[in-house]
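A.B. asks: Here's a structure for you.
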Amino acid sequence: MSLSVHSYETSESVAWDALVDESRNGTFLHTRRFLSYHGDRFNDASLVIRDKKQRLVGVFPAAIDPGVSDRIVSHPGITYGGIVHNGSLRGERMVEALAAICAAYRNAGMRTLQYKVVPYIYHRFPSEDELYALFRLGAHRCRCELSSTLDLENRLPFAREKRQSIRQAERNDLSVEEGPHLLAHSGWWWLNVWLDAIKRPQYTLYPRFSGSSRPSRQTSDA
């Protein structure tokens, strides 16, 4: 095996974040800077992936499911998780990395792994190696949610109802502005916009806990 995995240690936080920043498929949600926001809310079970020269090639943010003590989720505190890598985990190497991750959790007494895939629209170089690896290891889809994406460079036309609302706002002299001069206003208006991140299907791996690391085919309990 050309890859090895071991549990994340806090001393590796700088190297972890550097890899995410330079990765092909990572986002700020994968950084330890963001994950540390949860504090002790989750029992962290993250892993790091190294090649045979012990160079960091991937990270795997994960924690024990708060509701199921023998299930690992990547990651329960963020919209998605998955293997974040520097571009070297492609094809068979991604299969090897995911198999090594399953083996590590199996040896730690875990029964299932719930894997939330990174949406491809966040990839710097779109690819679906992890979906291929999940298929190869016999993962079962346990959840799929509807989502949509807005391309700001190719905007869709407003619906008729929206155009009517815009005209109504214009008749009432409503405008949207930005700039430091707004701080001079006596009142503050806080607008919290929650952007629901694009979600891809989630998968649960059911590894055999004796012999082969290839997951057995069972019905998802998720």
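Any read-out appearing in this document is the output of simple, stated calculations on the displayed coordinates, not a laboratory observation. As the structure is a computational prediction, the values presented were derived from the model and not from experiment. As a convention, Cβ positions derive from the backbone with ideal geometry for all residues, glycine included, and neighbour counts pool all protein chains shown.
A.B. asks: Quick one: which residues, 5+ away or cross-chain, put their amide H under 5 Å from the amide H of SER46? H built at 1.01 Å from N.
C.D. replies: Excluding prolines and chain starts, which carry no amide H, the hits are TYR8, ALA62.
A.B. asks: Okay, next question. Remind me, what semi-axes does segment 7-84 give for its equivalent ellipsoid, largest first in whole Å, using sqrt of 5 times each Cα gyration tensor eigenvalue?
C.D. replies: With the √(5λ) rule applied to segment 7-84, the semi-axes are 20, 13, 11 Å.
A.B. asks: Next question. Assuming a ≥ b ≥ c are the square roots of the Cα gyration tensor eigenvalues, decide whether segment 9-167 counts as rounded (a/c under 1.5), prolate (otherwise, with a/b larger than b/c) or oblate.
C.D. replies: prolate
A.B. asks: For ASP65, list long-range residues whose amide hydrogen, built 1.01 Å from N in the peptide plane, is under 5 Å from its own amide hydrogen.
C.D. replies: Here ARG71, ILE72, VAL73 satisfy the definition.
A.B. asks: Pull out a ≥ b ≥ c, the square roots of the eigenvalues of the alpha-carbon gyration tensor of segment 111-183, then state rounded if a/c is under 1.5, prolate if not and a/b is larger than b/c, and oblate in the remaining case.
C.D. replies: prolate
A.B. asks: Assigning unit charges at the beta carbon (Lys, Arg +1; Asp, Glu -1) and nothing else, what dipole magnitude in debye, to the nearest 20, does segment 6-87 show about its Cα centre?
C.D. replies: It comes to approximately 240 debye.
A.B. asks: Run the dipole for segment 85-167 about the Cα centre, Lys and Arg Cβ at +1, Asp and Glu Cβ at -1, nothing else charged, and hand back the magnitude in debye, nearest 20.
C.D. replies: The dipole magnitude comes to about 380 debye.
A.B. asks: Full extension from SER11 to LEU156: what is 0.36 nm times the residue separation minus their Cα-Cα distance, to one decimal in nm?
C.D. replies: 47.5 nm
A.B. asks: Considering only DSSP beta bridges whose two residues both sit in segment 1-147, what percent are antiparallel, to the nearest 5?
C.D. replies: 80 percent
A.B. asks: Under the Karplus relation 6.51 cos²θ - 1.76 cosθ + 1.60, θ = phi - 60°, what is the ordered set of whole-Hz ³J(HN,Hα) values for segment 34-39, x standing for Gly and Pro?
C.D. replies: 7, 4, 5, 4, 6, x
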